[in-house]
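Single-structure report; data block below.
The values are calculated or read from the model by the stated rules, or taken from the named source; none is laboratory data. Remember, predicted model here, so these are calculated numbers, not experimental data. Quick reminder, even Gly has a Cβ in these numbers, built from the backbone with ideal geometry, and neighbours come from all protein chains shown. Areas reflect the complete protein model, heavy atoms only, side chains present, ligands, DNA and RNA absent. Shrake-Rupley method; radii C 1.70, N 1.55, O 1.52, S 1.80 Å.
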Amino acid sequence: MEGFFNVKTTEEVLEILDGFGPVGQEQVELLEGLDRVLSEDLASPEDLPSFNRSSMDGYAVRARDTFGASESLPALLEVAGEIPMGQAPAMELAPGKAIRIATGGMLPKGADAVVMIEYCHPLDATTIEVTRSVSPFENVIAAGDDIRKGQVVLRRGHRLRPQDLGILAGLGISKISVYSRPRVAIISTGDEVVDIHTRPGPAQVRDINRYTLSAFCRSLGAEPVCLGLCKDDFQQMRSKVEKGLDLAHTVWISGGSSVGTRDLTLKVLESFRGFQLLVHGVSVSPGKPTIIGTIQEKPIVGLPGHVSSALVVAHIFMERLLLNLRGEKRSVPQKGRAVEARISRNVESAPGRDDYIRVKLIHGAEGLVAEPLFG
């Protein structure tokens, strides 16, 4: 076993985490699909739209009947009727005629364009003059213009957004195959940690990490399984980890990787058959004493007990782990955004270490200023 603080770089740890894959897949109803990740490519079962439809209010026409039309020399067309919304046209458009149509209406046979209502002026009850020519398929959404039958609409690994659900609804796809949500067992360790409903005594603190880490998991589409508090006791910690392995896809031990308790945590993990230590210290600050290993091919993580350190490690590394476990491709940043700011003071950094400084952003005269928050 490698010695403690034989640290790995951020890139090395992320590469290790990329070795973990999706935890399973299932079928869900479309209404339950928001933020779920597709486990297979989705191909369209039909053309969308399935018919030629108007993209404007106006008149369905034969484009050639309008060629050369202008305000000084309009084309005269006979109005042959109107197309009701939601119904297929009962008539075929003959040369020299026009049929009133609304946005979204189905073009009749014989029509290949739509003249906007603004360029059509009635002369009498049955005749309009068209003051602008249109080209074939102008103001028309042709069958299959949006999506062709058999076309891959959404790829495996894509996280579903509201607009994606709309596309699938338009194609009549009511059930989708998605990756299962990762379940994360969260264990808070330490003799000094008490439940939030308990008034802390001298040298005691409330269990904060249970709530911050649970919320972090939910924000990334994972399901936290909170296993409660654990004293710095070998058998109690081992029982908690064993329960976590039964209930979840990954186990996170908060507080068990600090200097005071790291030996106990490692002894507990090493007592499981097949335990493999992957990471034993990371070259980041805060969060250096982070442990990552596997039991039964499930990732086991020892997070720092300090609240800020645990969250920093979660954002740097656990986000990548959860995205891999839920099968999501990382084509774009998952959440938040990057901004440029000028730091308000110098911050020392040790060579070969990545420092993650919590800051407060302030709008200054020359742009954003990042004011470091220590403690």
Handout entry: Whole-Hz ³J(HN,Hα) from phi, Karplus 6.51 cos²θ - 1.76 cosθ + 1.60, for the range 106-120, glycine and proline x
Key = 7, 5, x, 4, x, 8, 9, 7, 10, 9, 4, 4, 5, 9, 10
Exercise for the section: Answer with a single label: of [x] 1.13; [y] 1.50; [z] 1.27, which was calculated as Cα Rg over 2.2 N^0.38 Å from the structure in view? Expected result: [y]
Handout entry: Unit charges on C-beta of K, R, D, E only; dipole of the chain, Debye
Key = 1060
Problem - Whole-angstrom gap from the range 140-187 to the range 66-88, using each part's C-alpha centre - result: 39
Fill in the blank from the handout: With R₀ set to 56 angstrom, the calculated FRET efficiency between the beta-carbons of Glu46 and Asp191, to the nearest 0.05, is 0.35
Handout entry: Long-range lysine pairs (8 or more apart or interchain), the range 200-326, Cα under 19 Å
Key = 8
Practice task
Arrange the peptides 244-251, 12-19 so that the one whose residues have, on average, the most other Cβ atoms within 10 Å appears first.
Solution key: 244-251, 12-19
Problem - Accessible surface, per residue, of the chain when the full set of protein chains is kept, probe 1.4 Å, Å² - result: 52
Completion exercise
Looks like the range 277-375, by Cα gyration tensor root eigenvalues a ≥ b ≥ c and the a/c under 1.5 rounded cutoff (else prolate when a/b is bigger than b/c, oblate otherwise), is oblate
Handout entry: Length released on extending from Glu297 to Glu12, taking residue separation times 0.36 nm less the Cα-Cα span
Key = 100.7 nm
Handout entry: Label-point separation in nm, Gln204 to Glu26, each point 7 Å along Cα→Cβ
Key = 3.8
Handout entry: Carbon plus sulfur fraction of accessible area for the chain, probe 1.4 Å, in percent
Key = 50
Handout entry: Whether the range 139-239 is rounded, prolate or oblate, judged on the alpha carbon gyration tensor where a/c under 1.5 counts as rounded
Key = prolate
Problem - Of all DSSP beta bridges in the chain, antiparallel share, percent nearest 5 - result: 65
Problem - Label-zone membership for the range 176-217, site Phe272, 7 angstrom Cα→C-beta point, backbone N under 16 Å - result: 183-189
Exercise for the section: Mind giving me the FRET efficiency for Tyr211 and Asp145? R0 is 45 Å, r the Cβ-Cβ distance, nearest 0.05 is fine. Expected result: 0.35
Exercise for the section: Can you tell me how much longer the chain between Ala365 and Arg218 gets when fully stretched, taken as 0.36 nm per residue apart minus their C-alpha distance, in nm with one decimal? Expected result: 49.1 nm
Handout entry: Whole-Hz couplings from phi, Karplus 6.51/-1.76/1.60, listed for the range 280-285; x for Gly and Pro
Key = 9, x, 10, 7, 10, 9
Handout entry: Derived scalar couplings ³J(HN,Hα) [the range 214-224; Karplus, 6.51 cos²θ - 1.76 cosθ + 1.60; whole Hz; x for Gly, Pro]
Key = 5, 5, 4, 4, 4, 5, 10, x, 9, 10, x
Fill in the blank from the handout: Length gained if Ser174 through His315 is fully extended, taking 0.36 nm per residue and subtracting the Cα-Cα distance, is 47.3 nm
Handout entry: Cα-centre dipole for the range 57-169 with unit charges at Cβ (Lys and Arg positive, Asp and Glu negative), debye to 20
Key = 860
Problem - Placed amide H near Asp57: partners under 5 Å, 5+ positions off or other chain - result: Thr103, Ile117
Practice task
Pop out the Kirkwood hydrodynamic radius of the range 26-142 from its pairwise C-alpha distances, inverse of mean 1/r, in Å to one decimal.
Solution key: 15.7
Handout entry: Sequence-separation-based contact order of the chain, relative, with Cα cut under 8 Å and 6+ spacing, percent
Key = 20
Practice task
Mind running the shape call on the range 204-299? Use the C-alpha gyration tensor, a ≥ b ≥ c as the square roots of the eigenvalues: rounded below 1.5 for a/c, prolate if a/b tops b/c, oblate otherwise.
Solution key: rounded
Problem - Estimated inter-spin distance, Glu348 and Lys231, nm [label 7 Å along Cα→Cβ] - result: 4.1
Exercise for the section: Return a whole-number percent for the relative contact order of the range 88-222, with Cα pairs under 8 Å and 6 or more residues apart as the contact set. Expected result: 13
Handout entry: Those GluC sites (Glu not before Pro) in the range 268-323 that DSSP places in a loop and that have at most 12 other beta carbons within 10 Å
Key = Glu297
Exercise for the section: Using amide H atoms built 1.01 Å from N in the peptide plane, name the residues 5+ places from Ala98, or on other chains, whose amide H lies under 5 Å from its own. Expected result: Glu78, Val79, Ala80
